[in-house]
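One structure below.
The values are calculated or read from the model by the stated rules, or taken from the named source; none is laboratory data. What you see is a predicted model; the values in this text were computed from it and never measured. We place every Cβ from the backbone using ideal geometry, glycine too, and count neighbours over all the protein chains shown. Only protein heavy atoms, including side chains, enter the accessible area calculation; ligands, DNA and RNA are left aside. Shrake-Rupley method; radii C 1.70, N 1.55, O 1.52, S 1.80 Å.
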Amino acid sequence: MGKNKKEEAIFLRKKITLLRAFSLLIGSMVGSGIFISPKGVLKNSGSVGFSLVVWFSCGLLSMFGALCYAELGTRITKSGGHYIYILETLGPLPSFLFLWAEFFAIRPANSAVVSLAFGRYMLEPFFAPCAAPVPAVKLVSLLGYYTVLTLNSWSVTWSARLQTALSVIKLLALALIIVPGMMLLAQGHTANFQDAFDRQSLVVDKLPLAFYAGMFAYSGWFQTSFVREELVKPERNIPLAVIVSVITVIVGYMLTNVSYYTVLGTQDVLASPAVAVSFVQRAFKSLISVVPVLVALSCFGTMNGGIFTFSRTLFVASREGQWPPLFSMIHIRRHTPLPAVMLMFPLVTAMVCIGDIYHLLNFFSFSRWLFIGLATLGLIVHRLRHPELHSPFKVPLFVPVSFTIICLFTVAMSFYSDPVNISIGCTMVLSGFPVYYLIIHRQMSDRCRNLFYYLTHKLQLLLEVVQQEIKTY
């Protein structure tokens, strides 16, 4: 009986190896960002030279953040990423505010941006040289997102395998941009780098928006922290995966941007709705129908990685008592967190239908970097509170201190750069205060609690999900 019970236990399996962790990180970082962010970085930095400085600085900042999260992942043994780190270090109120902003602003807007990029590049070969119709782009974007939702509801193994395959395609897409660009640069095509650091075009108060666009392209270095409980040998594999993947992406992004500027002038980049397509039209016309599809598949991989990890955030939050318990349940046969996966469906659909890529980007970046800065602040607090705790991986103190200061300073400066979208994002965060005190801090009445449990039970039967067996951490 004991053996049968063990075999039938329902919980998330440890199926993410070092290779899959590396693929998850590469697949999440290399996506729509490198193909849409060059325009945003260049527009807000003012020149080719300063844009390359921003790209490298964003990569260095991402490495600092990745190292901080690698240490947090060895100190705190639960999945959940930013949420669980803020909860364990700063307390329940900040963690709930993050969860509130993540669900209603950060994640759906981020997913909408990637989905729209997927739709735009997928349709590009069919409508070139004209732009694809906006309704068609939105329709294809939603179809791609729904496909990824279905896959993540069906199988953890297959979604992880797909991520591995798409990571290879992402690197191939970058290679098809880097190799022709480097060949042309070696042949002396350096005209676009003349007067690269034009100070007259630099607008300092727009630099936070340039960093937002650059950091969006690198975002994904924290994804292994969301699936910590599903990682094989996490103490060893988390630091290894984040260091190797971030270095790989920094090198790839710098070479890609140099290739862009070798072929395209400043005005070409700013006028292009799809930079990678404009690059191929100029440099490698024989691949005009191939590269957009590879870029679309890269975006598809980013969508897959985002859904795969965000569902774990809701899963852990409901287990910690800050989200409805239905979302801590997993399917009895598929062993996937089905309710958590499906929860994003209506919000992403709405944002894809009404949103614009660059407005959505500024809107969610404020909240994301505010809470990432708070999470690394939590690492400093955790070290001070628990000096006796041994961590198998530890970074120098200046790394979390400098990363936290830069994040919070950039967030503060962005109010001046884009007051409308940033104010909306700030309002979204602050709206979580009354929700926390009315629902989480105060106890519900017995009548409301009974009704809530009744509805949860009915949905549990409908979705065929059960509570995960809680393990000892």
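Determine, for each peptide in 400-409, 195-204, the mean count of other beta carbons within 10 angstrom over its residues, then list the peptides with the highest first.
My ranking of the peptides, most packed first, is 400-409, 195-204.
Would you mind getting me the FRET efficiency between A191 and L384? Use the beta-carbon distance for r and R0 = 41 Å, nearest 0.05.
0.15
Keeping all protein chains in place, calculate the accessible area per residue for region 325-371 (probe 1.4 angstrom), answer in Å².
Accessible area per residue, region 325-371: 34 Å².
Can you tell me the dipole magnitude for region 39-127 around its Cα centre, using point charges on the Cβ only (Lys, Arg +1; Asp, Glu -1), in Debye to the nearest 20? Intermediate results must be reported in sequence, preceding the final value.
On the way: 6 positive and 4 negative charges, 32 e Å.
For region 39-127, the charge dipole is close to 160 debye.
Rounded to the nearest 10 degrees, what's the angle between the helix 134-154 long axis and the longest principal axis of the chain, both from Cα atoms, 0 to 90?
Computed tilt is about 40 degrees.
What nm value, rounded to one decimal, do you get for the distance between T456 and V293 when each label is placed 7 Å out toward the C-beta?
Output for this residue pair reads 4.8 nm.
Relative to the longest principal axis of the chain, what angle (0 to 90°, nearest 10) does the C-alpha long axis of helix 345-354 take?
Roughly 30 degrees between the two axes.
Between A136 and V168, what length in nm is gained on full extension when 0.36 nm per residue of separation is reduced by their alpha carbon distance?
Contour length minus the Cα-Cα distance gives 8.7 nm.
Using Cα centres only, tell me the gap between region 179-202 and region 330-397 in whole Å.
Their Cα centres are 37 Å away from one another.
Under a point spin-label approximation (7 Å from Cα along Cα-to-Cβ), what is the L438-L60 distance to one decimal in nm?
Once both label points are built, they end up 4.7 nm from each other.
Specify which residue in the list S37, I330, L347 is farthest towards the positive end of the charge dipole of the chain, using unit charges on the beta carbon of Lys, Arg (+1) and Asp, Glu (-1), about the Cα centre.
About the Cα centre, the residue reaching furthest to the positive side is I330.
Among the listed pairs K39/K233; K39/K394; K39/K78; K78/K206; K43/K394; K43/K170, give every one whose C-alpha distance is greater than 28 Å.
K39/K233; K39/K394; K39/K78; K78/K206; K43/K394
In percent, how large is the relative contact order of the chain, given Cα pairs closer than 8 Å and 6 or more residues apart?
Normalised by residue count, the contact order of the chain is 33 percent.
Sorting I247, I76 by accessible area (1.4 Å probe), largest first, what list results? Before the final figure, lay out each step's value.
Numbers: I247 85, I76 10 Å².
Most to least solvent-accessible, the answer reads I247, I76.
As a test of the definition: which semi-axes, in Å, follow for the chain when you take the square root of five times each eigenvalue of its alpha carbon gyration tensor? Largest first, please.
They are 37, 25, 22 Å, listed from largest to smallest.
Please give the charge dipole size of the chain, origin at the Cα centre, charges +1 on K and R Cβ atoms and -1 on D and E Cβ atoms. Round to the nearest 20 debye.
I would put it at about 1140 debye.
Between region 24-67 and region 203-253, how many Å separate their Cα centres?
11 Å
Return the FRET efficiency for the residue pair L240, M182: r is the Cβ-Cβ distance, R0 is 25 Å, and the value is rounded to the nearest 0.05.
Here the calculated transfer efficiency is 0.30.
Express the carbon and sulfur contribution to the solvent-accessible surface of region 332-399 as a percent, rounded to the nearest whole number, probe 1.4 angstrom.
The computed percentage sits at 70.
To test your reading of the geometry: what angle, between 0 and 90 degrees and rounded to tens, separates the Cα axis of helix 48-75 from the longest principal axis of the chain?
On a 0 to 90 degree scale, this one is about 20.
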